[in-house]
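The values are calculated or read from the model by the stated rules, or taken from the named source; none is laboratory data. Everything numeric here is computed off the predicted structure, so don't read it as measured data. All Cβ positions, glycine included, derive from the backbone under ideal geometry; neighbour counts span all protein chains shown. With ligands, DNA and RNA removed, areas are computed over all heavy atoms of the protein, side chains included. Shrake-Rupley method; radii C 1.70, N 1.55, O 1.52, S 1.80 Å.
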Amino acid sequence: MMREFIRYLQTEGEHRILEDFFQKFWNRRYQKLEMMLEEESADSEEDKARVTRKMLDEEGFMAEIGHDADSGKLMMKECNCPFREIIKVTKLPCKLEEEFYEKVFGKKVERTTYIAEGDFACTYCVG
């Protein structure tokens, strides 16, 4: 039903409503995470990853933390996508998710696997 609603908004020329909704949604998620990071005094990259994983798990992402075998860089992995049906219509949540990680870690992230392209998870390499 959500996918059909988004298609309806798109066909009616209401792209701005979609963009506003998703932008505000991600801003609220980031504000929630900021409070969690502050409560846990999470300053290091590892602490931020741990707290982020906790929030993602609460939201149904089935998140994992690891390190790239070659570079040693931190990797955030989401084994489930609660937005799967939405992403079939618009990739906006994916774009905003990447920006979300960049705000959390204060550096560029690279998506190395992508559920929307048939991978089993979305994985972000930090740094």
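What are the ³J(HN,Hα) values, in whole Hz, obtained from phi via the Karplus relation 6.51 cos²θ - 1.76 cosθ + 1.60 with θ = phi - 60°, for each residue of segment 74-81 in sequence order, with x given for Gly and Pro?
Whole-Hz 3J(HN,Hα) from phi for segment 74-81: 5, 10, 10, 10, 10, 8, 9, 10.
Near the amide H of Ala121, under 5 Å away, which other amide H atoms are found, from residues 5 or more places off or on another chain, if H is placed in the peptide plane?
Residues meeting the criterion, in which the H sits 1.01 Å from N, are Tyr114, Ile115.
In terms of solvent-accessible area of protein heavy atoms at a 1.4 angstrom probe, what is the ranking of Met1, Met36, highest value first? The partial results should precede the final answer.
On the way: Met1 200, Met36 25 Å².
So the residues, ranked largest to smallest area, are Met1, Met36.
Would you be so kind as to identify which of Phe83, Ser41, Asn27 lies farthest towards the positive end of the dipole of the chain, taking Lys and Arg as +1 and Asp and Glu as -1 on Cβ and the Cα centre as origin?
Phe83
Can you give the calculated 222 nm mean residue ellipticity of the chain, where each DSSP H run of n ≥ 4 adds -39,500 (n - 2.57) and the sum is split over every residue, rounded to the nearest 500 deg cm²/dmol? It would help to have the intermediate numbers written out before the result.
Numbers: 5 runs with 67 residues, N = 127.
That comes out to -17000 deg cm²/dmol.
Could you go through segment 113-124 in sequence order and give the Karplus-derived ³J(HN,Hα) for each residue, using 6.51 cos²θ - 1.76 cosθ + 1.60 with θ = phi - 60°, rounded to whole Hz, and x for Gly and Pro?
3J(HN,Hα) across segment 113-124, in whole Hz: 9, 8, 3, 5, 9, x, 6, 7, 7, 9, 10, 10.
Taking only protein heavy atoms into account and a 1.4 Å probe, give the accessible area per residue of segment 1-124 in Å².
Values: 7500 Å² over 124 residues.
Heavy-atom accessible area per residue stands at 61 Å².
What does the accessible area of Glu110 come to, in Å² to the nearest 10, when a probe of 1.4 Å is used?
Its heavy atoms expose roughly 110 Å² to the probe.
What is the dipole size for segment 28-115, taken about its Cα centre, with +1 at each Lys and Arg Cβ and -1 at each Asp and Glu Cβ, in debye to the nearest 20? Can you show the working numbers first?
Details: 17 positive and 21 negative charges, 97 e Å.
For this selection, approximately 460 debye.
As I understand it, the value is the acute angle between the Cα axis of helix 2-11 and the longest principal axis of the Cα atoms of the chain; what does it come to in degrees, rounded to 10?
60 degrees
Who wins for biggest fluctuation among Met35, Met76, Met62 in a Gaussian network model of the chain, springs between alpha carbons below 10 Å?
Fluctuation is largest for Met35.
Go through Pro93, Leu9, Leu74 and say which Cα lies farthest out towards the positive end of the charge dipole of the chain; charges sit on Cβ, +1 for Lys and Arg, -1 for Asp and Glu.
Leu9
Once the piece of chain linking Glu58 and Ala116 is laid out straight, how much longer is it, given 0.36 nm per residue of separation minus the C-alpha distance between them?
Details: separation 58, 0.36 × 58 = 20.88 nm, distance 2.15 nm.
In short, 18.7 nm is gained.
Per-residue accessible area for Glu46 at 1.4 Å probe radius, Å² rounded to 10?
That residue has around 80 Å² of solvent-accessible surface.
If I compute solvent accessible area with a 1.4 Å probe over the protein chains, what percent of it on the chain is carbon and sulfur? Could you put the intermediate results ahead of the total?
Working: 3790 of 7580 Å².
The nonpolar share, carbon plus sulfur, comes to 50 percent.
Spelling out what I want: for every residue of segment 83-96, take phi, set θ = phi - 60°, compute 6.51 cos²θ - 1.76 cosθ + 1.60 (Karplus), and round to whole Hz; glycine and proline get x.
Listing the rounded values in order: 9, 3, 5, 5, 5, 5, 10, 9, 8, 3, x, 5, 4, 5 Hz.
Report, in debye and to the nearest 20, how large the dipole of segment 1-55 comes out about its Cα centre when Lys and Arg carry +1 and Asp and Glu carry -1 on their Cβ. Display every interim value, and only then the final one.
Working: 11 positive and 13 negative charges, 62 e Å.
Using Cβ point charges on Lys, Arg, Asp and Glu, segment 1-55 gives about 300 debye.
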